Amino acid sequence: MDYEPPFLQTYMSLLQGTNDLISDLSDVEKREIPLIDLKRLKLDQLEREECMKEITEAARKWGFFQVVNHGVSQEVLKNMQFEEKEVFRTPFGIKSQENFLNLPSRTYRWGNASAINPKQLMWSEALHIFLPDIEKMDQHKSLRSSIESFVKVVTPLAENLVQILAQELNINFSYFQQNCSANTSYLRLNRYPPCPFPSKVIGLLPHADTSFITIVHQDHIGGLQLMKDGKWISVKPNSEALIVNVGDLFQALSNGLYTSVGHRVVAAEKVERFSLAYFYGPSIDAVIESYATPPLYRKFTFGEYKEQTMKDLKEGGDKVGISRFLL
């Protein structure tokens, strides 16, 4: 099909003669991650406090949780999924052009351009959209409209969750109001095409997120896995739920109280998978400083974090993440 990236042609020489490279695919546990009903935040004080406690406990012990009654309608999510399928099925020759969707270069990415060995190859494609750039998508009105509708409801959800997590740390929410907004966050639309050798290539490499929190909608196929107690755990799809995870920036800000855990997406042989991620992050000059003493992390700006990440990817093919800023 003309919309598929040239995975086979590009990867074949690296994979020839190799055995299964993803050795732990068979050692994956199926466990339920915390599921939290946000409707309880609107009930009496006791219910609200118990719900908030569940959120902070999940951020501490898991770094991941699911939420229902989150305020993002099924209609909004279905519209986004439809638009994802449409845009990813644009011919590859058009998707790979620098002005695709009338957005800046590097909006569309596929595979892993930084890979230096076969274990770093990825079988996926993505659209990274910085939210202030949405208004430039004037020739793609349907996609733009669906993204705007999604952002309109997911941004206050992210702010509400961040406020709850910040309150537990005695951090004034004004810090986030000053440094974060819909205009400092971004979306990533993901597609994982069918892969002829899913034991050799990962869909998305293990990593932790560059955000305070990330809110994810995955389709019914599944494939998302997270690291817990030294084992990979498969996250079962839930059509009613959104997945929330702590990012590196909140781990540093919370002085390690909240956990930014590694996660990955495995490849599938016969089906394609779509997901949508909203990354709630700060402006480039925002200062990240551990709230408690003694601090585990040195003070840094978000710009420094991004610069270090790009350097690590260029030199080693992997994102090292927040451990770079440990004291």
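Taken residue by residue, segment 81-93 has no member that is within 18 Å of the chain's Cα centre (by Cα), of a type in the set (Asp, Glu) and under 29 Å from Leu15 (Cα atoms). Against the definition (in a loop (DSSP other than H, G, I, E, B) and under 26 Å from Glu4 (Cβ atoms)), how does Ala292 come out, yes or no? Spelling it out, it is not the case that Ala292 is in a loop (DSSP other than H, G, I, E, B) and under 26 Å from Glu4 (Cβ atoms). Inspection of segment 313-324 identifies at least one residue that is within 30 Å of Glu86 (Cβ to Cβ) and touching a His at 6+ places or on another chain (Cβ under 8 Å).
Collect the residues in segment 211-221 that are touching a strand residue (DSSP E or B) at 6+ places or on another chain (Cβ under 7 Å) and not in a strand (DSSP E or B), keeping them in residue-number order. Spell out how you get there, then give the answer.
If we filter segment 211-221 for residues that are touching a strand residue (DSSP E or B) at 6+ places or on another chain (Cβ under 7 Å), which is where we start, we get 211-219, 221.
The answer is Ser211, Phe212, Asp219, Ile221.
Val271 - would you say it is modelled with pLDDT of 90 or more and touching a strand residue (DSSP E or B) at 6+ places or on another chain (Cβ under 8 Å)? No; evaluated as a whole, the condition is false for this residue. Exactly one residue out of Leu21, Leu8, Leu77, Leu25 is at pLDDT below 95 and in a helix (DSSP H, G or I), and it is Leu8.
Among the listed residues Asn102, Asn79, Asn69, identify the single one that is farther than 26 Å from Gln139 by Cα and touching a residue at least 24 places away in the same chain (Cβ under 8 Å). So that I can check it myself, show each step before the final result.
Details: Asn102 fails: farther than 26 Å from Gln139 by Cα; Asn79 fails: farther than 26 Å from Gln139 by Cα.
Answer to the selection: Asn69.
Taking Leu165, is it over 24 Å from Ile213 (Cβ atoms) and either assigned to a helix (DSSP H, G or I) or among the charged types (D, E, K, R) (or both)? No, not satisfied. Here are some conditions: (1) more than 22 Å from Phe250 (Cβ to Cβ); (2) at pLDDT below 95. Ile33 meets all but one. Which one does it not meet? Just one mismatch for Ile33, condition (1).
When the residues of segment 300-327 are filtered to those that are of a type in the set (A, V, I, L, M, F, W, C) and farther than 24 Å from Cys180 by Cα, the one that is modelled with the highest pLDDT is Leu327. Among the residues in segment 313-324, are any part of a helix (DSSP H, G or I), out of contact with any Phe, Trp or Tyr (no Cβ under 8 Å at 6 or more places or on another chain), farther than 17 Å from Ser254 by Cβ and among the hydrophobic types (A, V, I, L, M, F, W, C)? Within segment 313-324, one or more residues are part of a helix (DSSP H, G or I), out of contact with any Phe, Trp or Tyr (no Cβ under 8 Å at 6 or more places or on another chain), farther than 17 Å from Ser254 by Cβ and among the hydrophobic types (A, V, I, L, M, F, W, C). Candidates Ser174, Ser124: the one that is in contact with a Gly (Cβ under 8 Å, 6 or more places away or on another chain), of a type in the set (Ser, Thr, Tyr) and either modelled with pLDDT under 90 or at negative phi (or both) is Ser124. Within segment 74-102, the set of residues being more than 29 Å from His220 (Cβ to Cβ) and either buried (at least 18 other Cβ atoms within 10 Å of the Cβ) or not small (Gly, Ala, Ser) (or both) comprises Gln97, Glu98, Asn99, Asn102.
Of the residues in segment 197-219, not one is of a type in the set (Asp, Glu), surrounded by fewer than 21 Cβ atoms within 10 Å (Cβ to Cβ), within 20 Å of Leu35 (Cβ to Cβ) and out of contact with any Lys or Arg (no Cβ under 7 Å at 6 or more places or on another chain).
Contact annotation: residue pairs with Cβ atoms under 6 Å, 6 or more positions apart or on different chains, pairing a residue in segment 33-58 that is farther than 15 Å from Leu169 by Cα with a partner that is of a type in the set (Gly, Ala, Ser), are Pro34/Ala58.
Filtering segment 227-258 to residues that are of a type in the set (A, V, I, L, M, F, W, C) and either modelled with pLDDT of 95 or more or part of a loop (DSSP other than H, G, I, E, B) (or both) leaves Val235, Ala241, Leu242, Ile243, Val244, Val246, Leu249, Phe250, Ala252, Leu253, Leu257.
Suppose we filter segment 91-116 for residues that are in a loop (DSSP other than H, G, I, E, B), at pLDDT 80 or above and either out of contact with any Phe, Trp or Tyr (no Cβ under 9 Å at 6 or more places or on another chain) or not β-branched (Val, Ile, Thr) (or both); how many remain? Break it down into steps so the answer makes sense when it comes.
Just the residues of segment 91-116 that are in a loop (DSSP other than H, G, I, E, B), to begin with: 91, 96-99, 103-107, 111-116.
Narrowing the set further to residues that are at pLDDT 80 or above leaves 91, 96-99, 103, 107, 111-112.
Those left that are additionally either out of contact with any Phe, Trp or Tyr (no Cβ under 9 Å at 6 or more places or on another chain) or not β-branched (Val, Ile, Thr) (or both): 91, 96-99, 103, 111-112.
Qualifying residue count, segment 91-116: 8.
The values are calculated or read from the model by the stated rules, or taken from the named source; none is laboratory data. Quick caveat: nothing in here was measured; it's all calculated off a predicted structure. Positions of Cβ are backbone-derived with ideal geometry, glycine not excepted, and every protein chain shown enters the neighbour counts.
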